[in-house]
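Below: one structure, written as structure tokens.
Since every read-out is calculated from the coordinates, none of them should be taken as a lab result. Predicted model, so just to flag it, every value in this text is computed and none were measured. Because the Cβ atoms are built from the backbone with ideal geometry, glycine has one as well, and the counts that use them run over all protein chains shown.
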Amino acid sequence: MKLQDLDIIVTAPPAPGWGGRYWILVKVTTDTGITGWGECYASSVGPDAMQHVIRDVFERHMLGENPENIELMFRRAYSSGFTQRPDLTVMGAFSGLEIACWDILGKDRGKPVCQLLGGKVNDRVRCYTYLYPLPHQAGDQAFWISPDMAAECAAETVKRGYTAVKFDPAGPYTLRGGHMPSMRDIARSAEFCAAIRDAVGDKADLLFGTHGQFTTAGAIRMAEAIAPYSPLWFEEPVPPDNVAEMAKVARASSTPVATGERLTTKAEFAEVLRQGAASILQPALGRAGGIWEMKKTAAIAEAYNAQMAPHLYAGPVEWAANLQLAVSIPNILLLESIETDFHYDLIKHSFKVEDGFLAAPEAPGLGIEVDEALARAHPFTGTDLHLNMQEAPCSYHEENIFEGGSPALPE
């Protein structure tokens with residue numbers, strides 16, 4: 001069995017676009033006619049350029065290869081061009097293709113991917129969700145700065161069975177790097193934590209999300225403000241390119257630090273663990289090197305008594321890969337989920353969050369059936385990137401409104 005053909009579909013989730021402006025799906029077919037699906041998480045180039053990178057990685061390192069030889073193909077992609085260092089764009093391309101290889105292998109053997117990764121450790125995996133607006137809150141910009149509206153949303157989310165909710169009221173992330181949060185942003189963050197804690201009591205963990213937007217000192221100030229509400233984690237408090245400074249935040253805070261959505265390969269995750277910068281790792285499997293690389297990372301984390309919480313701000317193919325990994329490792333903490341109609345429809349409702357958990361998949365491969373026609377019916381026609389950094393600096397006299405993962409584009 002050899003890898004033979006590649007097709008790439010860039011699909012745009014309908015408004016409000018939770019999961020990003022577009023998802024890059026790859027369809028890989030073998031000479032025996034088996035098709036595998038993968039998803040390449042957003043990189044630092046647009047989807048047109050990214051398609052060329054994906055094809056180059058496939059044709060240069062994978063075409064004609066046995067899909068079993070994942071380690072060999074990884075070493076080729078990681079090392080060729082005299083690189084041998086983490087690279088977000090190349091690894092983003094490889095990751096989606098690697099996920100497709102596992103889908104192929106599972107289908108060929110009639111087993112879910114988790115059974116090829118050492119077997120099933122968990123019958124089900126606890127999930128969390130971001131606090132997306134409720135139907136009657138949709139379109140109201142005040143949602144993003146209203147503790148009361150967030151608390152209402154959290155209470156409804158817990159009624160659906162979730163035992164962990166994520167929110168990020170701490171202001172913008174900007175291309176300028178870490179900034180000192182405004183006093184208004186610190187106060188609002190504490191107000192959000194207080195209101196949500198009051199709404200859910202001890203029925204749910206609070207996951208305080210940020211996007212690497214603070215200086216070290218600013219992150220420590222923020223950590224002190226939210227600590228009374230016992231969040232389960234403080235996510236990516238400083239830019240991910242400075243592990244030593246993140247470690248300072250971790251040492252100064254009683255709240256566990258989580259990080260990883262912008263990291264790639266075991267090399268970067270291992271350094272986070274070595275320096276004590278985080279005790280919860282959040283890889284995005286469509287960027288971080290794929291399923292096998294993150295299985296290795298989970299083992300390294302286990303040695304550091306750390307846990308895994310795969311990140312999801314993408315489509316359901318990456319979600320399915322995250323689930324296969326989560327089922328196969330002992331140190332899974334949480335699995336991020338995005339429940340939109342489009343997520344579910346794109347995989348023909350192959351699985352569903354039930355009472356806050358996802359059951360271990362039983363179908364072969366990734367355990368999903370992709371609705372290819374639906375994916376093609378929603379092509380991405382924009383010019384924007386999957387996610388953007390704000391160019392304007394943090395404001396210290398006006399409200400900083402961060403509109404979740406799908407902020408409005410400038411006029």
Give the angle, between 0 and 90 degrees and rounded to the nearest 10, that separates the Cα long axis of helix 70-79 from the longest principal axis of the Cα atoms of the chain. 70 degrees
Dipole magnitude of the chain, debye to nearest 20 (Cβ charges: Lys/Arg +1, Asp/Glu -1, about Cα centre): 1040 debye
What does the charge count near Arg160 come to, summing +1 for each Lys or Arg and -1 for each Asp or Glu among other residues with Cβ under 13 Å from its Cβ? -1
Tally of Lys pairs whose C-alpha atoms are under 15 Å apart, taken over the range 115-365, 8 or more apart or cross-chain: 5
May I ask what percent, to the nearest 5, of DSSP beta bridges between residues of the chain are antiparallel? 45 percent
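For the range 80-111, state which chymotrypsin sites (Phe, Trp or Tyr not before Pro) are in a DSSP loop and have at most 11 other beta carbons lying within 10 Å of their beta carbon.
In loop regions of the range 80-111 (DSSP not H, G, I, E or B), the sparsely surrounded chymotrypsin sites (Phe, Trp or Tyr not before Pro) are Phe82.
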Within 10 Å of each candidate Cβ there may be at most 10 other Cβ atoms; applying that plus a DSSP loop requirement, which chymotrypsin sites (Phe, Trp or Tyr not before Pro) in the range 126-168 survive? none
Given R₀ = 51 Å, FRET efficiency for Ala303-Ala194 by Cβ-Cβ distance, to 0.05? 0.85
So the angle from the long Cα axis of helix 265-274 to the longest Cα principal axis of the chain, reported in degrees to the nearest 10, equals 40 degrees
Over the alpha-carbon set of the range 76-147, divide Rg by the Kirkwood Rh and report the Rg/Rh ratio to two decimals. 1.20
Given springs between every Cα pair under 10 Å in a Gaussian network model of the chain, which of Leu285, Leu134, Leu325 has the largest fluctuation? Leu134
Assuming R0 = 51 Å, what is the FRET efficiency of Ile401 and Asp5, from their Cβ-Cβ distance, to the nearest 0.05? 0.65
In degrees, nearest ten, helix 316-328 long axis to first principal axis of the chain (Cα): 90 degrees
Potential lengthening between Thr381 and Val45 on full extension [0.36 nm per residue; Cα-Cα distance subtracted]: 119.4 nm
The chain: Cα Rg divided by the 2.2 N^0.38 Å rule of thumb: 0.93
Spherically averaged projected area in nm², based on the convex hull that wraps the Cα atoms of the range 284-411: 11.3 nm²
P(r) tail fraction, the range 1-154 - alpha-carbon pairs more than 29 Å apart, %: 35 percent
